[in-house]
């Protein structure tokens, strides 16, 4: 679950914790939601003056100040609107109010072309300085140092300490690792960080430290300069199936000359049995939340990763038990290899198939919208999120909006609320509840015929938010195997050498409070591919979905 953080238009309202699900025609939250949608439409039509009229009404609405994120959105968009209308005094007044109310993104303010007319005003400079000062309390430039092959000892200790501190005060799943003493681990890793001879070795140390938290939304991103050195891989895909590691796709036809093909089992890597290699050289350096996520990361995403300058030797076994060794180059520089975020085709029996491979690109919603005239003619719809590891949750919610007649309810959650005063007075730690949001449908753009969703162990983060919401809607069956059990809102922060860290700050749950992080979402129909299925290229999950849809009564 990763939500956009810009205070713009509808987003600023929908991220508000007061957007409850049980609304009626008289419910203020529902009315405000409609206002924000109208504002977005007017903005796109360049009717800024009309949008500002609605924003001013929201500004005067009783109780609006209590909806913190929505309130900041109103103020910020008023600043942008009046800037576009040439009314500098009002624009700067509202921008200052937005900063005082909690706006905390100076980069957004500097990039936003809507504020171009006020950018040279001294008052703007003063407001921006205040914003940067507030931001600097948590995001100090002291940690933003450039990449070098070897960092100073001071930089390494500062980065390690920042990882420790951000996790200490923000991480929400310490109960998932009850035997872990985070402070003791930090102390134990100080000499490891100091002894790291290169920036690459240093980031390996940080990865290893974070992996012990057992959460896929808590870890580090290595500097861009190191990515191909650490995460290049051969142009093949692997899957962990029935305790074996199978090649499921060959992405470079030249490998056919080496007899590399789908269905071969990898038994050794660089001369080491594959399980031993994975457990010793792969697993300690990636984060995961549930057992199935561990298997995906260890044996599918990262198993053969390494330097693009260093080939890897694999020993493979075919269906008859014959083994041979071959050396393959790490020429591929993506962890996943789907062609497009969205893929579409019509299947037999007039069933539409849409692979939603990622919610990381908002254009996936527009792509789905463009396909709707063709989808509407289908007797059933299959949405495949088996390869979707996440992105922004709102993309998934928007797509679900095409399948409903009434607003849907999203995930619930909670976050830690740190208070030094409570610590000083012996009080207990508090948690802030994040109620489900209400997400609108697409009006007349609706597909109300039978739907099935395909899921698997790669389905994670925003894709799991999508699955939870689909399950609550009772719009159809989920088919496949357990999802990754890994979602939440990560907080990102800078680290020395050009890298960054992230920590999970929310405990996500079903609207009724049931948790699934660390467990996974169980599908309605469990279908587990076998080695035989995989080698034959048979998609038994898809076949099952087609059978389910054919049996589902149509409206």
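The values are calculated or read from the model by the stated rules, or taken from the named source; none is laboratory data. Only a predicted model underlies this, so the values are computations on that prediction, with no experimental measurement involved. As a convention, Cβ positions derive from the backbone with ideal geometry for all residues, glycine included, and neighbour counts pool all protein chains shown.
Here are the numbers for this structure:
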| read-out | value |
| --- | --- |
| Residue tally, condition over 20 Å from residue 476 (Cβ atoms) and surrounded by fewer than 13 Cβ atoms within 10 Å (Cβ to Cβ), over the range 537-555 | 1 |
| Residues (within 22 Å of residue 216 (Cα to Cα), over 22 Å from the mean Cα position of the chain (by Cα) and not in a strand (DSSP E or B)) located in the range 404-462 | none |
| Filter pass, residue 528 being in contact with a helix residue (DSSP H, G or I) (Cβ under 9 Å, 6 or more places away or on another chain), surrounded by fewer than 24 Cβ atoms within 10 Å (Cβ to Cβ), on the phi < 0 side of the Ramachandran plot and in a loop (DSSP other than H, G, I, E, B) | yes |
| Among (1) assigned to a helix (DSSP H, G or I); (2) touching a helix residue (DSSP H, G or I) at 6+ places or on another chain (Cβ under 8 Å); (3) modelled with pLDDT under 95 - the single one residue 190 does not satisfy | (3) |
| The range 358-376, residues that are surrounded by fewer than 16 Cβ atoms within 10 Å (Cβ to Cβ) and farther than 18 Å from residue 475 by Cα | 362, 363, 366, 369, 370, 371, 373, 374 |
| Residue check for residue 124: closer than 25 Å to residue 82 by Cα, outside any loop (DSSP other than H, G, I, E, B) and in contact with a helix residue (DSSP H, G or I) (Cβ under 7 Å, 6 or more places away or on another chain) | yes |
| Selection from the range 469-491 of residues that are in a strand (DSSP E or B) and under 12 Å from the mean Cα position of the chain (by Cα) | 490, 491 |
| Boolean, residue 78 is crowded, with 19+ Cβ neighbours inside 10 Å and modelled with pLDDT of 90 or more | yes |
| Options 524, 465, 539: the member that is within 17 Å of residue 385 (Cβ to Cβ), free of Cβ contacts under 8 Å to residues at least 24 places away in the same chain and assigned by TED's automatic domain parsing to the domain that holds residue 349 | 539 |
| Count of the range 208-225 residues which are surrounded by fewer than 20 Cβ atoms within 10 Å (Cβ to Cβ) and either in a helix (DSSP H, G or I) or over 25 Å from the mean Cα position of the chain (by Cα) (or both) | 3 |
| Every pair of residues 6+ apart whose Cβ atoms lie under 7 Å, when the first sits in the range 77-89 and is under 10 Å from residue 116 (Cα atoms) while the second is outside any helix (DSSP H, G or I) | 80/112 |
| Index of the failed condition, residue 494 passing every other in (1) farther than 30 Å from residue 439 by Cα; (2) crowded, with 21+ Cβ neighbours inside 10 Å; (3) touching a strand residue (DSSP E or B) at 6+ places or on another chain (Cβ under 6 Å) | (2) |
| Check on residue 357, over 31 Å from the mean Cα position of the chain (by Cα), within 30 Å of residue 465 (Cα to Cα) and free of Cβ contacts under 8 Å to residues at least 60 places away in the same chain | no |
| Qualifying residue in the range 169-182 (condition: in contact (Cβ under 8 Å) with a residue 24 or more places away in the chain, more than 29 Å from residue 520 (Cα to Cα) and surrounded by 19 or more Cβ atoms within 10 Å (Cβ to Cβ)) | no |
| Some residue of the range 318-331 being closer than 18 Å to residue 243 by Cβ, modelled with pLDDT of 95 or more, part of a strand (DSSP E or B) and not assigned by TED's automatic domain parsing to the domain that holds residue 370 | yes |
| Residue match in the range 221-238 (condition: without any contact (Cβ under 8 Å) to a residue 60 or more places away in the chain, out of contact with any strand residue (DSSP E or B) (no Cβ under 8 Å at 6 or more places or on another chain) and outside the structural domain of residue 497 (by TED's automatic domain parsing)) | no |
| Per-region count, the range 278-293, residues crowded, with 21+ Cβ neighbours inside 10 Å and out of contact with any helix residue (DSSP H, G or I) (no Cβ under 9 Å at 6 or more places or on another chain) | 3 |
